[in-house]
1. Output the number of residues of the stretch 51-86 satisfying the condition of being hydroxyl-bearing (Ser, Thr, Tyr), touching a Leu at 6+ places or on another chain (Cβ under 9 Å) and assigned to a loop (DSSP other than H, G, I, E, B).
2. Go through the stretch 89-122 and count every residue that is of a type in the set (Asp, Glu), within 18 Å of the chain's Cα centre (by Cα) and open to solvent by 50 Å² or more (accessible area, probe 1.4 Å).
3. Of the residues 108, 64, 86, which single one is of a type in the set (Lys, Arg) and closer than 13 Å to residue 32 by Cα?
4. Has the stretch 43-50 got any residue that is open to solvent by less than 90 Å² (accessible area, probe 1.4 Å) and at pLDDT 90 or above?
5. Take the stretch 123-132 and flag every residue that is in contact (Cβ under 8 Å) with a residue 24 or more places away in the chain, in a helix (DSSP H, G or I) and open to solvent by 40 Å² or more (accessible area, probe 1.4 Å).
6. Do you know which residues across the stretch 72-88 are acidic (Asp, Glu) and either in contact with a strand residue (DSSP E or B) (Cβ under 6 Å, 6 or more places away or on another chain) or surrounded by 11 or more Cβ atoms within 10 Å (Cβ to Cβ) (or both)?
Amino acid sequence: MDWTAKLSDFGMCKEQDAGKSHVSTRVMGTMGYLDPDYMETGLLRQSSDVYAFGVFLLELITGKRAVSDTGQPLTSWVFPLLDQKKPEIDLLIDSALGSRFDRDSALKIAVIAKFCIGDEELRPEMAAVVERLKKLVPP
């Protein structure tokens, strides 16, 4: 199995002049990373890249692919687990890690990912995501 990370969808959204919009006749990208709002409207936004990055974070902590062999998106499996008052981080973490991970940091990454894949209007900007992730790295 090839687990090489593929980040090629990032940056599909480019800034445009105020008042202009991007109109596309087809949705392009890698299944599993595609923002549902983009698939519905055909409009790429910066939040579409944030969504894809959230999926990438989920792949890192779960050890699972963006879309399973059965076609189930990772987000549909993970979101209900994260959308609880106390997320069940032990069910999310890649079992191959055993106990070789910081539970608190993994939970924080999962929560960051949850906001990235959440409602388009509530997604953080990428700069905010990076800042929160930087705080998890020891000095």
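1. Summing the residues that are hydroxyl-bearing (Ser, Thr, Tyr), touching a Leu at 6+ places or on another chain (Cβ under 9 Å) and assigned to a loop (DSSP other than H, G, I, E, B) in the stretch 51-86 gives 1.
2. If we filter the stretch 89-122 for residues that are of a type in the set (Asp, Glu), which is where we start, we get 90, 94, 102, 104, 119-121.
Checking which are within 18 Å of the chain's Cα centre (by Cα) leaves us with 94, 119-121.
Keeping just the survivors that are open to solvent by 50 Å² or more (accessible area, probe 1.4 Å) gives 119, 121.
Qualifying residue count for the region: 2.
3. Numbers: 108 fails: closer than 13 Å to residue 32 by Cα; 86 fails: closer than 13 Å to residue 32 by Cα.
After applying the criteria, what remains is 64.
4. Applying the first criterion (open to solvent by less than 90 Å² (accessible area, probe 1.4 Å)) to the stretch 43-50 yields 43-45, 47-50.
Filter again for at pLDDT 90 or above, leaving 50.
The answer is yes, given that some residue of the stretch 43-50 is open to solvent by less than 90 Å² (accessible area, probe 1.4 Å) and at pLDDT 90 or above.
5. Start the filter on the stretch 123-132 by keeping residues that are in contact (Cβ under 8 Å) with a residue 24 or more places away in the chain, which leaves 123-126, 129, 132.
Cutting the leftovers down to in a helix (DSSP H, G or I) gives us 126, 129, 132.
Result: 126, 132.
6. Correct list: 88 only.
The values are calculated or read from the model by the stated rules, or taken from the named source; none is laboratory data. The structure presented is a predicted model; accordingly, all values stated were derived computationally and were not measured. Cβ coordinates were reconstructed from backbone atoms using ideal geometry, including for glycine residues, and neighbour counts include every protein chain displayed. SASA here: full protein model, heavy atoms, side chains in, ligands and nucleic acids out. Shrake-Rupley method; radii C 1.70, N 1.55, O 1.52, S 1.80 Å.
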